[in-house]
Amino acid sequence: MKKEMGIFAALATVFLLAYFLNFADPSIRNAIMEAFFMLQWYAQFHTLACVVPAMFIAGAIACFFSPSAVLRHLGPKANKVEAYGVASTSGTVLAVCSCSVLPMFAGIYRVGAGIGPAAAFLYSGPAINVMAIFLTARVLGFDLGVARIIGSIVFAIIIGLIMAALFRKDDEARTAAVMALPEGPPAKRNLWQTAAFFVAMITFLVFADWANPSQTIIETNDGRVMHGTVLQKTDEMYRVQLQQPLGDLTKGAKLTLGTDEIVSERDWTPENYRWAAWVFHHRWYFAGACFLATLVMVAAWFDRQELGEWMSQTWSFSKSIIPLLFGGVLITGFVGALIPEEWVGGWVGGDSFRANLVASMIGGMWYFATLTEIPILEALLGLGMGRGPALALLLAGPALSLPSIAVIYSVVGFKKTATFVFLTVIMSTIVGMVFGWFFV
């Protein structure tokens, strides 16, 4: 019944939008184009290099992780220090965005992880991205960088513990159901073989999804010189997001250039991040080596039946998660184009409770790919955003977005999703407000 109601709600929403939207309005047409531009950017830069590998990892977790082992290390009765220590610091190893963490969260939850450690992993995975933390400190200030990493780790643990306490009975029922399953056949691989297999796949994901810390300096034939990030690039046009103001355009603004307008382009990288830029430009060599290592291990250690089950689980995750990600990205692009940055800057000005709450809610709805939140926040700070709301957005943003909320709901249901979102937004609001009292 719930599934049918969800389908009805989706159909009703599409009908109402099609019926009432004024498609002749230039702002609506621009928002539609922005939505599809964002979807195309997501497809070109995140789906093949990020989402698809994460689906294979999630499928492998569901197939090759022993439920009893998961319960022992991440289950509701697992050692709390071990379970939450690993889950809350996983982002320092993964260094990926939320769309990569979501399938892995679904995988470990499906095979028996408790909601507490799973929620801690879900929050910390994209939040404790090492490069994002360093760039936050460099661009937005050392205080925000330190507060972001401390807040992210502490948040992950607290949110996980609260989720575990609130849904203890449900966890116990899930554990009993897992334990009632017949014991599977003995593992066909040693522990080190399984570990090497997953390390190779996760390392492939890390390199494939490696973010570029460089700006692109573009000179046009009318004499303009712009510092920006190239979001999309074709034979006919460049779509650029400005990293520095240009004339009447503010930092963070997007513009489209024809290739015939561009005289030259070159990369500029902060000195401390040249190593990261070097890795970015050579990432496919590293990713390729990891991919070949994975293929060799698959050929040597796995039989046809296991591979068939792995592909089946991967497809199960893909068909349930990817449509939600695409739909969420499309909606985010559409709504974001309708809200001017000046409005947002006005809503989050100062360090009041309202400003921090609005910043947390914006962070909880918008999709931020790895590192993109930093120039956006820098632009909003220039428009009057307080430093407290900036931290609130940084704490709520990586873990939540409209696409991720839809996926989390499909995995754990409405109550757990609503609780996770509420805890993230409220805690981000309170911490942002307290931070703003001491750091202006």
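The values are calculated or read from the model by the stated rules, or taken from the named source; none is laboratory data. Here the structure is a predicted model, which is why all the values come from computation and not from measurement. Heads up, the Cβs are rebuilt from the backbone with ideal geometry, glycines too, and the neighbour counts pull from every protein chain shown. To get the accessible areas, we keep the full protein, side chains included, count just its heavy atoms, and leave off ligands, DNA and RNA. Shrake-Rupley method; radii C 1.70, N 1.55, O 1.52, S 1.80 Å.
Here are the numbers for this structure:
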| quantity | calculated |
| --- | --- |
| Order of exposure, largest accessible area first, which applies to Asp260, Asp351 with probe 1.4 Å | Asp260, Asp351 |
| Surface accessible to a 1.4 Å probe, Trp210 within the full protein complex, Å² | 50 |
| Positive dipole terminus of the chain, leading residue within Val425, Ile376, Gly160 (C-beta point charges) | Gly160 |
| Computed [θ] at 222 nm, deg cm²/dmol, the chain (DSSP H ≥ 4; -39,500 (n - 2.57); rounded to nearest 500) | -22500 deg cm²/dmol |
| Heavy-atom surface of the chain, accessible at 1.4 Å and reported per residue (Å²) | 48 |
| Protection proxy ranking, peptides 377-384, 166-173, 404-411, average beta carbon neighbours within 10 Å, highest first | 404-411, 377-384, 166-173 |
| Portion, in percent, of the accessible area of the chain that falls on carbon or sulfur, probe 1.4 Å | 68 |
| Positive-end residue, the chain charge dipole about Cα centroid, Cβ charges, pick of Gly436, Phe23, Gly252 | Gly436 |
| Cβ-based charge dipole, the chain, positive-most Cα from Leu48, Phe280, Gly114 | Gly114 |
| Under 13 Å, Cβ to Cβ, from Arg189 - net charge with Lys/Arg +1 and Asp/Glu -1 | -1 |
| Radius 12 Å from Cβ of Lys233, net charge of other residues (Lys, Arg +1; Asp, Glu -1) | -2 |
| Nearest 10 degrees, 0 to 90: helix 130-140 Cα axis against the chain principal axis | 30 |
| Sequence of His73, His281, His46 when ordered by accessible area, the most exposed leading, probe 1.4 angstrom | His281, His73, His46 |
| Angle between the chain longest axis and helix 80-89 axis [Cα atoms, degrees, rounded to 10] | 30 |
| Cα-centred dipole magnitude for the chain, charges only on beta-carbon of K, R (+1) and D, E (-1), debye, nearest 20 | 1360 |
| In degrees, nearest ten, helix 98-110 long axis to first principal axis of the chain (Cα) | 20 |
| Unit charges on C-beta of K, R, D, E only; dipole of the range 1-78, Debye | 440 |
| Distance violations [Cα-Cα > 22 Å] among Lys77/Lys188; Lys77/Lys319; Lys80/Lys416 | Lys77/Lys188; Lys77/Lys319 |
